[in-house]
Every structure is written in C-alpha cells, then in structure tokens.
Amino acid sequence: MKKMNKLALIAGVGAMALTLAACSSDSDSGETTKASSGGGGGDATAECNVGIAMPTRSLERWINDGEGLKARLQDDGCTVDLQYADNKTDQQISQLQNMIANGANILVIASIDGTTLGPVLEEAGAAGATVIAYDRLINGTENVDYYATFDNESVGTLQGQYIEETLGLADGEGPYNFEPFAGSPDDNNARYFFKGAWDVLSQYVDSGQLVVQSGKAPATLDDWQSIGILGWGSDDAQAEMETRISSFYTDKKVDVVLSPNDSLAVGIAQALVNAGYTSDDFPVLTGQDGDKAAVSNILKGNQSMTVWKDTRLLGERVQKMIQSLLAGEEPEVNDTETYDNGVKVVPSYLITPEVVTADTVESKLIESGFLKAEDVGL
C-alpha cells in the first residue's frame, strides 16, 4: 500500500470518529482516548494507535527516548504500546507483529538490525500502517515512510574536528598514538558516525601524525566494521581497549581514542584507569549521547567531550510527524537525498547535534533540564 493510501486510510478512520481503548502494555492508563490532529491547519481527527519499538533497556538513552515519546503521544490522546527488545532481533520482530495485530496504524521503530525487518514491515504496509524509522534507518524495504534522526555524519565530524583542534593536527603537531573504535556493525548509523570522523582524521593517519600502534586502522572506510563493537557494549569496549593497551602500549602512552558514543567511552575510560592513567595524563577521548556516566567522567577529566543529541527534540519531531499524519497532512522533512535504504530514498528530518565539554556541561545539559546536577556529581 502506497504512502498516500495509508494516509487516506488514517484520515478515513478518523472521519468515522472511532473510540479507542488503551491497549499499551507499558501504559498505566486505562482511559478511553481519542487523538485530535494537533498538527495545525487541519480539522481532521484520526485514530491514533502507535506502536513504539525500542531496541534495549540496557542503554540509558533508549529508556529516555521511549518513555519520553510515549508520554508526549499519550498527552495527545494516543494509545501507545511501548516495547523494548533486549537487543534481540527476533524479539523485536515478534513485538512488531503483535503491534500490527493489535491495530497499530503508526509504527515508530528504532531497529536493532535495520536489514531484517522487511517481511514484518510488509505486513505493516498491507495493514495500512505508516512506519517512521527512529534514529536508525531501516534498510532493504519500501515499507518505511519517514526517518527522524540527528545528522549522524556530523556527529562523527564533530568528534573528528574536536580531536583535530585539541591536538593541533592542522598545524602539523604530532605524532600522537591514536586508537580508533567504531560502533555496532549491525547499526546503520555506526557507519555514518565513523565516516564523519574518518573524513577528518584519516589524512593525519596517512601523514603519520596519528599513529595507530595496534594496527587497527581500517584500510578504507568500507572496512569500518572491522573495529566495530557489537551491540555498543561498554564491557566489550573495555575488554578491547585492555587488549590493545597490554599488547601495544607496554612502553608507550595512548594519546587519543576515537569513541563513537558514550557507552563505548565509559568502557574505554575504565580500561585506561585500570592501566594507571589519571586525569593528569588522560588521553583525548570522544563520546556521544550525554549519558550520565560519561558526563561524570567528563567532569572528572576521564573523558574529553560528548556530542549531545537532545533526544527530547527527536521525540518532539516524531510527535509533530504523527500530528501531521493524523491531520491528513505530509510530515515536514528537510532531507530527501541522503538516506537511501537500498530500495528507496527515505524522506528524513535531521536534527543538528552539538559538542559538550566540561566547561559547558552546566550551561547545556543541566540548565536545559536534560540532566540533573546531582546525577553527574555537581
């Protein structure tokens, strides 16, 4: 079923003024609800039955994202079924099948493996559901209608530029001992993160200003998965960093580590602390997400920066997309060229991330309400 047919189906259901019964397994509310359009400029109302599929509760950001979006949509009168899949693809597929069977007409999916959802999304398309990929592109299917995310390549660019500027690489400084990491090989975003950083840093690896003592520098961008940490696990990142330190740094110091996110950075930092590094000689270490543990490390001098993606803005954007759908309108997008999933270019809305350092934790993260001061030791 094509997108406009799906939108027409949603609007048509709204015209019938159906009453909803809350069916969210995560919801505390048993009230009967009906969504109003809220999208501005449309009088149509439509049934709002949303399934939210999040990958895992093991990372702080996904808990915040899922609960935050659920609360927004419930405030709009939507029925919401929020599920977490423990990073198990089969479990996520089963959850999506149940959402479809329970009448979800909008699916918001942060995929575990964006290449495996084609068959279940074919079921969603046949049922007339609109699919919004949430922060992770879903690949290999025509049955994904919109993509809401941050500018993921710019996340890596910001990390690479931070390293470049902090070490004075553009001015010819070096050599520095450098260890690069990449994200989970099954996460489509991980390639964008690495590409953004590698586009900045690979020239300095080639020139010898950044020396990868472990040899774990991808020969080309297409080899990025060779240094990926499956599942973004902190423990796995720690184990990998400990192996590199014990194997290649018995008589040398690590100067800089490219970590694509805070979960990996926390594990890498622990490996460095265990090896005797202190805030006085801690390597430059990047991150992403603004997680509490990582921000605490930044304030202690055990991480240099994080690229902050204010996920509240992402939730707000998806809420607006859904409001537009319910009003029979096309959701706003700002990129119709970049995100080719192998079958189609998915209309996308990209949000700009920003760098946070120890000097800006309070002004950006605390004063905005993203984190509480006591959560990070302030």
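Of the residues Thr89, Thr116, the single one that is closer than 24 Å to Gln288 by Cβ, surrounded by fewer than 21 Cβ atoms within 10 Å (Cβ to Cβ) and among the hydroxyl-bearing types (Ser, Thr, Tyr) is Thr89.
Restricted to strands (runs of 3 or more DSSP E) entirely inside the stretch 296-378, those with at least 2 residues that are in contact with a Lys or Arg (Cβ under 8 Å, 6 or more places away or on another chain) are 348-351, 354-356. You will find that of Gly172, Gly128, Gly140, Gly183, the residue that is assigned by TED's automatic domain parsing to the domain that holds Arg244 and on the phi > 0 side of the Ramachandran plot is Gly172 and no other.
Conditions (1) farther than 23 Å from Tyr192 by Cα; (2) buried (at least 17 other Cβ atoms within 10 Å of the Cβ), marked per residue:
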| residue | (1), (2) |
| --- | --- |
| Val333 | no, no |
| Glu337 | no, no |
| Gly342 | no, no |
| Pro347 | no, yes |
| Leu350 | no, yes |
| Asp359 | yes, no |
| Lys364 | yes, yes |
| Gly369 | yes, no |
| Glu374 | yes, no |
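Out of curiosity, is Ala133 touching a residue at least 12 places away in the same chain (Cβ under 8 Å) and assigned by TED's automatic domain parsing to the domain that holds Gly66? Answer is yes for this residue.
Considering the stretch 232-285, the residues that are assigned to a loop (DSSP other than H, G, I, E, B) and among the basic types (Lys, Arg) include one that is farthest from the chain's Cα centre (by Cα), namely Lys252. For the stretch 101-114, a tally of residues being within 19 Å of Leu69 (Cα to Cα) and either hydrophobic (A, V, I, L, M, F, W, C) or in a helix (DSSP H, G or I) (or both) returns 7. Scanning the stretch 59-77 for residues that are within 15 Å of the chain's Cα centre (by Cα), in contact (Cβ under 8 Å) with a residue 60 or more places away in the chain and either closer than 20 Å to Leu96 by Cβ or buried (at least 19 other Cβ atoms within 10 Å of the Cβ) (or both) returns Leu59, Arg61, Asp65, Leu69. Determine whether Glu179 is free of Cβ contacts under 8 Å to residues at least 60 places away in the same chain, touching a helix residue (DSSP H, G or I) at 6+ places or on another chain (Cβ under 9 Å) and acidic (Asp, Glu). No: the conditions fail for Glu179.
Taken over the stretch 54-77, the residue count meeting the criterion of being under 20 Å from Leu137 (Cα atoms) and outside any helix (DSSP H, G or I) is 5.
Please work out which residue is modelled with the lowest pLDDT, limiting yourself to the stretch 306-320 and to residues that are hydrophobic (A, V, I, L, M, F, W, C) and over 12 Å from the mean Cα position of the chain (by Cα).
Leu313
Within the stretch 202-218, the residues that satisfy the criterion of being within 22 Å of Asn302 (Cα to Cα) and either touching a Pro at 6+ places or on another chain (Cβ under 8 Å) or part of a helix (DSSP H, G or I) (or both) are Leu210, Val211, Val212. Could you go through the stretch 219-231 and let me know if any residue there is assigned to a loop (DSSP other than H, G, I, E, B) and either among the hydrophobic types (A, V, I, L, M, F, W, C) or in contact with a strand residue (DSSP E or B) (Cβ under 7 Å, 6 or more places away or on another chain) (or both). Yes, that holds for at least one residue. Number of residues in the stretch 210-250 that are within 24 Å of Gly174 (Cβ to Cβ), in contact with a helix residue (DSSP H, G or I) (Cβ under 7 Å, 6 or more places away or on another chain) and surrounded by fewer than 21 Cβ atoms within 10 Å (Cβ to Cβ) equals 7. Filtering Asn152, Asn139, Asn189, Asn143 for residues that are buried (at least 20 other Cβ atoms within 10 Å of the Cβ), more than 20 Å from the chain's Cα centre (by Cα) and under 24 Å from Val345 (Cα atoms) leaves a single hit, Asn143. In the set (1) in contact with a helix residue (DSSP H, G or I) (Cβ under 7 Å, 6 or more places away or on another chain); (2) on the phi > 0 side of the Ramachandran plot, the condition left unmet by Gly276 is number (1).
In the stretch 268-291, which residue that is modelled with pLDDT of 95 or more and farther than 23 Å from Glu164 by Cα is surrounded by the fewest Cβ atoms within 10 Å (Cβ to Cβ)? So the residue we want is Gly276.
The values are calculated or read from the model by the stated rules, or taken from the named source; none is laboratory data. Everything numeric here is computed off the predicted structure, so don't read it as measured data. FYI the Cβ positions are ideal-geometry reconstructions off the backbone, even for glycines, and counts take in every protein chain you see.
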